[in-house]
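Note sheet for the following structure.
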Amino acid sequence: MTRFTGFALGADQEEWCARLRTLAAERLRPLAEKGELGRVNRPLLAALGEEGLLERVFTSGALDLCLLRESLAYGCTEAETALALQGLGAYPVLRSGSEVQRERWLPGVRAGRTVAAFALSEPGAGSDAGALALSAVAEGGPGGGWRLSGEKCWISNAPEADFYTVFARTGEGPGARGVSAFLVPADRPGLSGEALDMLSPHPIGALAFDGVPVGPDDLLGEPGRGFRVAMDTLNLFRPSVGAFAVGMARAALDATVAHTAVRTAFGGVLGDLQAVAHRVAEMATRTEAARLLVYAAADAYDADASSPQVPRRAAMAKLLATETAQYVVDHAVQLHGAAALRRGHLLEHLYREVRAPRIYEGASEVQRTIIAKELYREAREMREVGEA
């Protein structure tokens, strides 16, 4: 597709997004409504596969992934989340897996038959991914395998996934340098899990590893390089988390404009009240700013994924977009009044959905830390150049 030009999408991109919004509302949302809260919706996944959207996750650049997620989120958040979780769980296999691993697992993921999951977080290591405690104890000497022991928590699609991208401590070095990535099928002996009852409607669970056997053929990438596998995935998906948030914000904003344009109160239309009109204007301005920052971050990734500026741009996009969506949805609920809190209302649904993205894939505080660290790194490098 045509690249983002800085301030506007191309006509072909706008047309594609419109088709996606229609598809989400007309085909995917009815399937989502038939699903069970907190469970993997396999008919919805199959529909995403049939429409070729799961394939797009693996063949698109970062900007097209953002447009895809934003458009689906506008019409059906459950479809967006199901698609994103497939990408998050399987992208490490695409990028770092062996040919055998890719041939075994990715066709099913693309078709919506095989459910993937990204197992990074732990009870004591959520945002601090370098503090992982899940141990991979070597056995059988050089070239042998490992036994995984410990826990993972807050894992989307657990415990119903068919395989997990698991990050464990193999001990080649301290902190992040001693983490390896493994592809672990769900039927491995010693692996068990339970669902967690969460605010968000998509499936989230905990996993227990009791000496789960893994071998060299289960490695994703090289031993001790698993943290890089995780970061490569998160750098791609963080801007598109922002796109998910922008899609929700735009849906809430459009609903608010439509509501306040006709709702009468205090002898007139709500939208004629300056306090209401100014609040809606603020909602629209923040949403547009977040949208542009998300697109710019994705475009920078597509231009040069290895650029040292990519992590900072991705962090800025996720931070601003998720915080903005929280603001917009909250104010949309306020302007709708009690009706927005009724179960089944669009804004009641968005109010439950919008909170989690400020935490997962790096909480807002983590994004601020990444941004500040990169700014000071650049300042230090410039100072050193000036002193040379």
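The values are calculated or read from the model by the stated rules, or taken from the named source; none is laboratory data. Treat the numbers as computed from the prediction; the structure is a model and nothing was measured. Don't worry about glycine lacking a Cβ; one is built from the backbone with ideal geometry, like all the others, and counts go over all protein chains shown.
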Test: residue in the stretch 185-197 that is assigned to a loop (DSSP other than H, G, I, E, B) and among the polar types (S, T, N, Q): no
Any hit, the stretch 100-122, residues being at pLDDT 95 or above, outside the structural domain of Q367 (by TED's automatic domain parsing), over 19 Å from the mean Cα position of the chain (by Cα) and crowded, with 23+ Cβ neighbours inside 10 Å: no
Every residue from the stretch 169-192 that is modelled with pLDDT under 95 and of a type outside the set (S, T, N, Q): R169, G171, E172, G173, P174, G175, A176, R177, G178, V179
Members of the stretch 277-313 found to be among the β-branched types (V, I, T), surrounded by 13 or more Cβ atoms within 10 Å (Cβ to Cβ) and over 18 Å from the mean Cα position of the chain (by Cα), listed by number: V280, T287
Boolean, A372 is farther than 30 Å from A261 by Cβ and either among the hydroxyl-bearing types (S, T, Y) or in a helix (DSSP H, G or I) (or both): yes
Residue check, L67 outside the structural domain of A243 (by TED's automatic domain parsing), of a type in the set (A, V, I, L, M), under 22 Å from A296 (Cβ atoms) and in contact with a helix residue (DSSP H, G or I) (Cβ under 8 Å, 6 or more places away or on another chain): yes
Residue in the stretch 311-319 that is closer than 29 Å to H259 by Cβ and either among the β-branched types (V, I, T) or out of contact with any Pro (no Cβ under 6 Å at 6 or more places or on another chain) (or both) present: yes
Criterion: closer than 18 Å to D162 by Cβ and either free of Cβ contacts under 8 Å to residues at least 60 places away in the same chain or of a type outside the set (K, R) (or both) - qualifying residue of L28, L53, L20, L48: L48
